[in-house]
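Novice: Sending over a structure as structure tokens; questions will come in a sec.
Every number in this text was worked out from the coordinates using simple rules, so none of it is lab data. Quantities reported herein were computed from a predicted structural model and do not represent experimental measurements. Don't worry about glycine lacking a Cβ; one is built from the backbone with ideal geometry, like all the others, and counts go over all protein chains shown.
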């Protein structure tokens, strides 16, 4: 379980998270929604340990253990995965090599039991599941990929690394409708088959219509102001963030 407890955090002296509380258990899909500037992406960066963000107080725990003193790579090895809002291109490192090295770094001796040929077969299956052809395994990491291809590439990484908790930061942006459907169905299947926990950060309910999250949380001004089921996302679609703010935030 990933737990965020009364978290205050910011960047360059500016406080962004103001008492954030959130729990994501394995086997669950959570959606984190909110207007621009509410703190959604900051939440993802702070969970992953981005060095530019400072935690002022509160805690982040994975399976009951605080991770605040851990580096990003240590957090990844514990089972936390972040799909970036803006995936980077890295020239000179093929997708296959990047994922093989990442897999071995996370799984150590257990990972070495998976031979290179076995790993390659799995990788090809994962790429095909995300509607890539086999040649993409030999391409440099995200180089020349379209926006949607970069987002689907992040899901290939998630499939390969099999984290305990996956944070997907606006994975739906840049995807066409077919891409949204395949990403949503793949994530939901992985939750059911591998018992991972997923936190999807998004502005819109479009991907949620296919993903059908178990819980929806709406952020405003650095904290969650209301949580509920999928009906909360439907309410947001009807009344907008202004309506949600007036109903749940004013008077807090």
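Novice: Residue by residue through segment 212-252, note down the ones that are within 28 Å of residue 185 (Cβ to Cβ), in contact with a strand residue (DSSP E or B) (Cβ under 6 Å, 6 or more places away or on another chain) and touching a residue at least 60 places away in the same chain (Cβ under 8 Å).
Specialist: 213, 214, 215, 216, 217, 218, 224, 233
Novice: Conditions first: (1) over 16 Å from the mean Cα position of the chain (by Cα); (2) surrounded by 16 or more Cβ atoms within 10 Å (Cβ to Cβ). Residue 207 passes all but one, so which condition is the exception?
Specialist: (1)
Novice: At least 3 residues that are in contact with a helix residue (DSSP H, G or I) (Cβ under 8 Å, 6 or more places away or on another chain) in each: list the strands (runs of 3 or more DSSP E) lying fully within segment 1-100 that qualify. Outline the logic, then answer.
Specialist: Values: elements: 2-11, 14-24, 29-33, 53-62, 80-83, 90-94.
Here the list reads 2-11, 14-24, 29-33, 53-62, 80-83.
Novice: Test residue 9 against the criterion of being farther than 14 Å from residue 199 by Cα and buried (at least 21 other Cβ atoms within 10 Å of the Cβ), and give yes or no.
Specialist: Working: farther than 14 Å from residue 199 by Cα: yes; buried (at least 21 other Cβ atoms within 10 Å of the Cβ): yes.
Yes; evaluated as a whole, the condition is true for this residue.
Novice: Still on this structure, I have one more. Output the residues belonging to segment 231-242 that are surrounded by 17 or more Cβ atoms within 10 Å (Cβ to Cβ), out of contact with any helix residue (DSSP H, G or I) (no Cβ under 7 Å at 6 or more places or on another chain) and within 19 Å of residue 170 (Cα to Cα). Even if it seems obvious, please write down each step before you answer.
Specialist: First, pick out the residues of segment 231-242 that are surrounded by 17 or more Cβ atoms within 10 Å (Cβ to Cβ): 232-233, 235-236, 241.
Remaining after also requiring out of contact with any helix residue (DSSP H, G or I) (no Cβ under 7 Å at 6 or more places or on another chain): 232, 235, 241.
Across segment 231-242, the qualifying residues are 232, 241.
Novice: Can you tell me which residue in segment 134-172 is surrounded by the most Cβ atoms within 10 Å (Cβ to Cβ), limited to those that are over 13 Å from the mean Cα position of the chain (by Cα) and in a loop (DSSP other than H, G, I, E, B)?
Specialist: Per the criteria, the residue is 142.
Novice: Turning to a different aspect of this structure: Report the residue count in segment 56-92 for those that are surrounded by 15 or more Cβ atoms within 10 Å (Cβ to Cβ) and more than 20 Å from the chain's Cα centre (by Cα).
Specialist: Matching residues across segment 56-92 total 1.
Novice: Could I ask something else about it? Could you list, in sequence order, all residues of segment 118-133 that are farther than 14 Å from residue 183 by Cα, part of a helix (DSSP H, G or I) and without any contact (Cβ under 8 Å) to a residue 12 or more places away in the chain?
Specialist: We begin by selecting, within segment 118-133, every residue farther than 14 Å from residue 183 by Cα; these are 118-125, 133.
In the following step, the residues that additionally are part of a helix (DSSP H, G or I) were identified as 118-125.
Result: 118, 121, 125.
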